Each structure stands twice: as structure tokens, then as C-alpha cells.
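The values are calculated or read from the model by the stated rules, or taken from the named source; none is laboratory data. A quick note: this is a predicted structure, and the numbers were derived from the prediction, not measured. Because the Cβ atoms are built from the backbone with ideal geometry, glycine has one as well, and the counts that use them run over all protein chains shown. In case anyone asks, the SASA skips ligands and DNA or RNA and just uses the protein heavy atoms, side chains included. Shrake-Rupley method; radii C 1.70, N 1.55, O 1.52, S 1.80 Å.
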Amino acid sequence: MTSPAPNKPKIAQDFWLTVLRTLIGRCPKCGHGRLFRSYLKPVDQCATCGEALGHIRADDGPAWLTILVVGHVMGSLMLALPWDDYSDTVMVISIVTLTVVMSLAFLPYAKGFFIGIIWRAQCTGAEK
């Protein structure tokens, strides 16, 4: 008699559910508690389910992803803009302002994305 195959979790569904929850700034486990207590500072533990989240360190991942995405968007935009129609000062100020605003707006989503992936991988965050 053969033993039944062990139940395999639906990794793809659970992964994307985790990513979606953290992208909107919610706890990766329950989806109800807040992920951040301030702009980029994660909560120590979820207020709803009690899941410990303070030990998760995203390090340079969110900054790398932000630079990658914003850099590609701004590079494409700079190539598409009509440089001859406006003065150089107006163009530089506009591009720098838009780059800073896009970076600051995208960074919390990138950090939530990395926290969700790290949490889903069950990394302990313990230094060895």
C-alpha cells in the first residue's frame, strides 16, 4: 500500500497573496494590520495577529528596486521630452523634481515588496 502524497501548499497563490498584502502596506500574515509605523519603519509586530515583523531587514533591496524602476521611467521620459521647446533650467528642475517625487512615492512599495518576500521565505533575520 502506498502512502498518500503529502499536501503541497499552493506556493504561487500564497506568494502573490503575500506580495499583494505587503504592497498595500498590510501585514503579510493576516492582511489587516499595518506594516509600517512611519514612512519606512516596519512595526515590531502586527497589532491584529501579533506576527513579529520587526526583525525583517530589507537592507538595500528597496533602494535598488526604486533606482531600477525610477531610472528606467525617467530615462525613457528624458528621451521622449522635446528639449528644444523649453529652457535647460526648466527641464533640469522639472526632471530632478519628478525623479525625487517618484522615488519617495515608490520606496514604501518596494520596501513592502521585499519585506513580504523575506517573510514568505521564513528568514529569521538572526545574525550569525
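Overview of values
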{"read-out": "Tilt relative to the chain, helix 61-80 - C-alpha long axis, 0 to 90 degrees, to 10", "value": "30"}
{"read-out": "Accessible surface of the chain [probe 1.4 Å, protein heavy atoms]: carbon and sulfur percent", "value": "64"}
{"read-out": "Sequence of Cys46, Cys30, Cys123 from largest to smallest accessible area, 1.4 Å probe", "value": "Cys123, Cys30, Cys46"}
{"read-out": "Gyration tensor (Cα) of the chain, equivalent ellipsoid semi-axes in angstrom", "value": "39, 18, 12"}
{"read-out": "Accessible area in square angstrom per residue, the chain, 1.4 angstrom probe", "value": "70"}
{"read-out": "Orphan Cys of the chain, criterion: no other Cys C-beta under 4.7 Å", "value": "Cys123"}
{"read-out": "Theoretical ellipticity at 222 nm over the chain - DSSP helices of four or more residues, -39500 (n - 2.57) apiece, nearest 500", "value": "-18000 deg cm²/dmol"}
